[in-house]
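Heads up, the thing below is written out as structure tokens.
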Ligand SMILES: [Zn+2]
């Protein structure tokens, strides 16, 4: 397994709409394992492929904070089938080191995807795991959590976001 390089806000790959995986072959399995390893090494609880520079529709989720003992997994070509509820909670993102802000999202999600063995799966999640899935799924469409910030929040963070984007600072403080 190998550690992958994280891409930070300002890298155009984070705004790309990612392409579907055509075939869950050995190369994809290896990439998925590396994605999980990188997420763990960076203390993340979710990581999308384009956050390591690969614009393909895969993301990793670590559900263990919400469900102790449940192992990290990947979803390939995920499709959100249904959502329910609306809840605000503080979020961060490995592409925005040090930035944490409350974001409103649905409370529950029903998602279809392929797993790491290429099997079709359907899973219903709520709470933190639903939030991770929705946050990571947004990444696949080039959408970032800052896009949910209110106008006033954005104004407040504008200067630092510009500096982060320009690579002048590495951590949001
Ligand atoms: Zn993120």
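Read-outs throughout are calculated quantities, based only on the coordinates presented, and are distinct from any laboratory measurement. For clarity, every value in this text was computed on a predicted model and none was experimentally measured. Cβ: placed from backbone, ideal geometry, glycine included. Neighbour counts: every protein chain shown.
So what is the 222 nm mean residue ellipticity for the chain from helices alone, if each DSSP H run of at least 4 adds -39500 (n - 2.57) and you divide by all residues, rounding to the nearest 500 deg cm²/dmol?
Numbers: 3 runs with 45 residues, N = 173.
Calculated mean residue ellipticity at 222 nm is -8500 deg cm²/dmol.
Would you mind computing, in nm to one decimal, how far apart the modelled labels at residue 102 and residue 33 are, each placed 7 Å from Cα along Cα→Cβ?
Each label point lies 7 Å from its Cα, and together they span 4.3 nm.
Given the alpha-carbon gyration tensor of the chain, what are the semi-axes of its equivalent ellipsoid in whole angstrom, ordered largest first, with each equal to the square root of 5 times an eigenvalue? Could the numbers behind the result be given before it?
Details: eigenvalues 125, 76, 41 Å².
Three semi-axes, in Å: 25, 19, 14.
Rounded if a/c is under 1.5, else prolate if a/b is larger than b/c, else oblate: which is region 20-85, with a ≥ b ≥ c the root eigenvalues of its Cα gyration tensor? Can you show the working numbers first?
Working: a/c = 1.78, a/b = 1.15, b/c = 1.54.
Verdict is oblate for region 20-85.
I want to check the label-to-label distance for residue 86 and residue 154. Put each point 7 Å from Cα in the C-beta direction and report it in nm to one decimal.
Spacing of the two 7 Å Cα→Cβ label points: 1.9 nm.
Per residue, what volume in Å³ does the Cα convex hull of region 90-135 take up? Write down the numbers at each step before the final one.
Working: hull volume 3.6 nm³, N = 46.
Normalising the Cα hull of region 90-135 by residue number yields 77 Å³.
Going by a ≥ b ≥ c, the root eigenvalues of the Cα gyration tensor, does region 3-48 fall in the rounded group (a/c under 1.5), the prolate group (a/b larger than b/c) or the oblate group?
Numbers: a/c = 2.36, a/b = 1.11, b/c = 2.12.
Oblate.
Express the relative contact order of the chain as a whole percentage, based on alpha carbon pairs under 8 Å and six or more residues apart in sequence.
Relative contact order comes out at 24 percent.
Please compute the length gained on full extension between residue 119 and residue 25, using 0.36 nm multiplied by the number of residues separating them and subtracting their Cα-Cα distance. Don't jump to the answer; show the numbers that get you there.
Numbers: separation 94, 0.36 × 94 = 33.84 nm, distance 1.21 nm.
32.6 nm is the gain from fully extending residue 119 to residue 25.
Please order 120, 64, 95 by the number of other Cβ within 10 Å, starting at the fewest.
120, 64, 95
Taking Cα centroids, how far is region 28-54 from region 88-135 in Å?
14
How do 115, 62 rank when sorted from fewest to most other Cβ atoms within 10 Å of their own Cβ?
Values: 115 15, 62 21.
Listed from fewest to most nearby Cβ atoms, that is 115, 62.
Please work out the ratio of the alpha-carbon Rg of region 95-173 to 2.2 N^0.38 Å and round it to two decimals. Walk me through the numbers on the way to the answer.
On the way: Rg = 15.6 Å, N = 79, 2.2 N^0.38 = 11.6 Å.
Expressed relative to 2.2 N^0.38 Å, the Cα Rg reads 1.35.
May I ask for the angle, rounded to the nearest 10°, between helix 26-41 and the longest principal axis of the chain, with both axes built from Cα atoms and the value confined to 0 to 90°?
40
Output the 0 to 90 degree angle, nearest 10, between the alpha-carbon long axis of helix 127-140 and the longest principal axis computed from the alpha carbons of the chain.
Between the helix axis and the principal axis of the chain, the angle is about 80 degrees.
Label-point separation (nm) for residue 168 and residue 1, each offset 7 Å from Cα along Cα-to-Cβ?
Placing both labels 7 Å beyond Cα along the Cβ direction yields 3.8 nm.
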